[in-house]
Amino acid sequence: MALTVNGEGITLVEFDADVARYIAAQSALGNTVDPFAATSVVIDDLVAQLLLAQAARAQGFTLDDAALQARVDSLAEQLGGADALEAWQTSQGYSDATFLSALKRAAESTYMRDKIISSVPETAEQIHLQQILLYNEDTARNFLAQLDGGADFDELAFDADPVTRGDLGWVPRGYLLEPTIEDAAFDLAVGEHSDVISTDVGFHILRILERDPARPLSPDAMLALQERTLIAWIDEQRQQATIVLVPQ
């Protein structure tokens, strides 16, 4: 075995084939991939797949031989027949056994992934956020002093960004990439501005324009929250799992 997760393993042959497929796919995109980096990516992906597949089975999802064969037949039809499927398997480094194993694991993990992301509600508390973003702390402090003295936020936001006036739109918790910004923003009252907040991007001053306790998520926000929910689930399961990696 190349690795095991809670006692369920991936053979070395299957693992090496997965690494080769990943490198080939990246090469086809014009990317050069270090073999060690490719190995790390494949390990993370396979561990996540196994955790999801195991959870699916624990929750009652089953894929019997007939259902698995139906998926094989469907793929063969899409590719133009059994011979075409066999040729594709060979080109991708699959044996019949490893192909069926990968197909079954993919179905199980997809079921659990869909169940996890469907748990994200369609509405959430959201704030309509505006910011003044500057790249010099002294300038940012000067802007803050003007705001504290009664200057108009919109006018200063226009000075910093004439195109968007710093309007970031509606955002739910868990959507912004910078937790410091999110924490400060959600602590503000409508119309209130923040202190200067330093991040790797620059120096921010925030203002809340509106707040809605149950606003429908935009498609982009929904996708972002679903992805973070899935990542958080996998991270939690990894911490609880017994994962054994065989030195390559």
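The length gained on full extension between V246 and E178, counted as 0.36 nm times the residue separation minus their Cα-Cα distance, comes to 20.9 nm. Taking a ≥ b ≥ c as the square roots of the eigenvalues of the Cα gyration tensor of segment 1-86, is the shape rounded (a/c under 1.5), prolate (a/b larger than b/c) or oblate? Oblate.
Where in the chain lies the longest segment free of GluC sites (Glu not before Pro) that are both loop residues by DSSP (not H, G, I, E, B) and have at most 13 other Cβ atoms within 10 Å? For GluC sites (Glu not before Pro) (loop position, at most 13 other Cβ atoms within 10 Å), the longest site-free span of the chain is 1-121.
To the nearest 10, the accessible area of S118 is 80 Å² with a 1.4 Å probe. Label-to-label distance for D195 and D161 is 2.3 nm, based on points extended 7 Å past Cα in the beta-carbon direction.
Enter the angle in degrees (range 0 to 90, nearest 10) between the Cα long axis of helix 82-91 and the first principal axis of the Cα atoms of the chain, meaning the one along which they spread out most. Compared with the principal axis, the helix lies near 70 degrees. The value of relative contact order for segment 124-231, using C-alpha pairs under 8 Å at least six residues apart, is 41 percent.
Accessible surface of the chain, 1.4 Å probe: 53 percent of it comes from carbon and sulfur atoms. Across the protein chains, with a 1.4 Å probe defining accessible surface, the residues L85, L79 rank L79, L85 from largest area downward. With respect to the chain, whose longest principal axis is taken over its alpha-carbon atoms, helix 96-117 is tilted by about 30°. In the assembled protein chains, S27 presents an accessible area of approximately 70 Å² (probe radius 1.4 Å). For the chain, the relative contact order comes to 25 percent (Cα pairs under 8 Å, sequence separation of at least 6).
Using a 1.4 angstrom probe on the protein heavy atoms only, line up V47, V244 by accessible area, largest first. Write out the running numbers ahead of the final one.
Values: V47 0, V244 70 Å².
The ranking, largest first, comes out as V244, V47.
If you compute semi-axes √(5λ) of the Cα gyration tensor in Å for the structure shown, which of (1) 48, 21, 18; (2) 27, 21, 20; (3) 35, 26, 16 do you land on? Of the listed options (1) 48, 21, 18; (2) 27, 21, 20; (3) 35, 26, 16, (1) comes from this structure. Legend: residues R207, R113, sorted from most to least accessible area (1.4 Å probe; ligands, DNA and RNA excluded), read R113, R207. Taking 0.36 nm per residue of sequence separation and removing the Cα-Cα distance, the D96/Q146 pair yields an extension gain of 11.0 nm. Seen against the Cα atoms of the chain and their longest principal axis, helix 12-28 is set at about 50 degrees. When only Cα pairs below 8 angstrom with a gap of at least 6 residues are kept, segment 32-141 shows a relative contact order of 37 percent.
In the complete set of protein chains, residue-level accessible area for W233 is approximately 50 Å², probe 1.4 angstrom.
The values are calculated or read from the model by the stated rules, or taken from the named source; none is laboratory data. All values reported here derive from a predicted model rather than from experimental measurement. Virtual Cβ from ideal backbone geometry, glycine too; neighbours counted across all protein chains shown. Keep in mind that these areas ignore ligands, DNA and RNA; they rest on the heavy atoms of the full protein, side chains included. Shrake-Rupley method; radii C 1.70, N 1.55, O 1.52, S 1.80 Å.
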